[in-house]
1. Being assigned to a loop (DSSP other than H, G, I, E, B), buried (at least 16 other Cβ atoms within 10 Å of the Cβ) and on the phi < 0 side of the Ramachandran plot is the filter; apply it to the range 68-89 and report the residue that is farthest from the chain's Cα centre (by Cα).
2. Kindly indicate whether any position in the range 90-109 is touching a residue at least 60 places away in the same chain (Cβ under 8 Å) and open to solvent by 60 Å² or more (accessible area, probe 1.4 Å).
3. Any idea which residue in the range 24-54 is most open to solvent (accessible area, probe 1.4 Å), counting only those that are polar (S, T, N, Q) and modelled with pLDDT under 85?
4. Can you say whether residue 193 is at pLDDT below 75 and farther than 30 Å from residue 45 by Cα, as far as the supplied structure shows?
5. Just to be sure before I move on: is residue 8 at pLDDT 85 or above and in a helix (DSSP H, G or I) in the structure I sent?
6. Looking at residue 62 and the list (1) farther than 21 Å from residue 29 by Cα; (2) open to solvent by 20 Å² or more (accessible area, probe 1.4 Å); (3) part of a helix (DSSP H, G or I), which single condition is not satisfied?
Amino acid sequence: GITVAQSASTLSTALSGFADAYNAAVAELAKQRGQSGGPLQGESIVNSLSHTLASMSTYTSSTGTIGMADLGFTLNVDGTLTYSPLTLIPTDAANPAGVTAFLGSATGGGFLGAATNALNGVVDPVTGLLTTTETDVQSQITNLGTTISTKQAQVSALQTQLTNQMAQADAAIAEMEQQYSELTSMFSAQYTADQMYANGA
């Protein structure tokens, strides 16, 4: 009676919350795909996270006859889950032990154990997918910073070299201008002397 109804109601609320959270994660991953995708566009972590979600939505127990559909879940073509409490209530009333066995616990197997393991594989602070991806990205950023610093040093060295070469070229041009000026003066003096000689003769 009342205890079963309350238990089913509490479970239904939890399953509905799971479906909402699941669908929010699916929607967020969908934003990372396509030509106008988010910052994770093209990253393998998007597919890895999608596989993790799919493993939860398609979980099947090897021991019982209860499945995700019996709890009220329908996996949609777009990857989202639709939850219907109207399916859970008769299933739980007819086979509460089967529902309990299917759900299991976070540390004792079943759907909750599988979901916990899948999520730990994503968020574990040492080996989780998000943790290792963040470490990889930080490493890439560090390497990029090193590459940029190296390139900046090379550009600075090239700039210094070009500045020195331009200064040398400028000095050479100044020297040529001076020599040209001296030659012009010398030719001018010679021309004047020749004119005076010619006029005097």
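The values are calculated or read from the model by the stated rules, or taken from the named source; none is laboratory data. This one's a predicted model, so the numbers in the text were calculated from it and none came from an experiment. Cβ: placed from backbone, ideal geometry, glycine included. Neighbour counts: every protein chain shown. Heavy atoms of the whole protein, side chains included, go into the accessibility calculation; ligands, DNA and RNA do not. Shrake-Rupley method; radii C 1.70, N 1.55, O 1.52, S 1.80 Å.
1. Of the range 68-89, the ones assigned to a loop (DSSP other than H, G, I, E, B) are 72, 76-80, 84.
Narrowing further to those that are buried (at least 16 other Cβ atoms within 10 Å of the Cβ): 72, 79-80, 84.
Applying the additional criterion that residues be on the phi < 0 side of the Ramachandran plot yields 80, 84.
Numbers: 80: 23, 84: 35 Å.
Checking each candidate, the answer is 84.
2. yes
3. Start the filter on the range 24-54 by keeping residues that are polar (S, T, N, Q), which leaves 32, 35-36, 41, 44, 47-48, 50, 52.
Now narrow it down to the ones that are modelled with pLDDT under 85: 32, 35-36, 41, 44, 47-48, 50.
On the way: 32: 20, 35: 184, 36: 112, 41: 82, 44: 86, 47: 84, 48: 44, 50: 31 Å².
It comes out as 35.
4. Values: at pLDDT below 75: no; farther than 30 Å from residue 45 by Cα: yes.
Spelling it out, it is not the case that residue 193 is at pLDDT below 75 and farther than 30 Å from residue 45 by Cα.
5. Numbers: at pLDDT 85 or above: no; in a helix (DSSP H, G or I): yes.
No.
6. Result: residue 62 passes all but (3).
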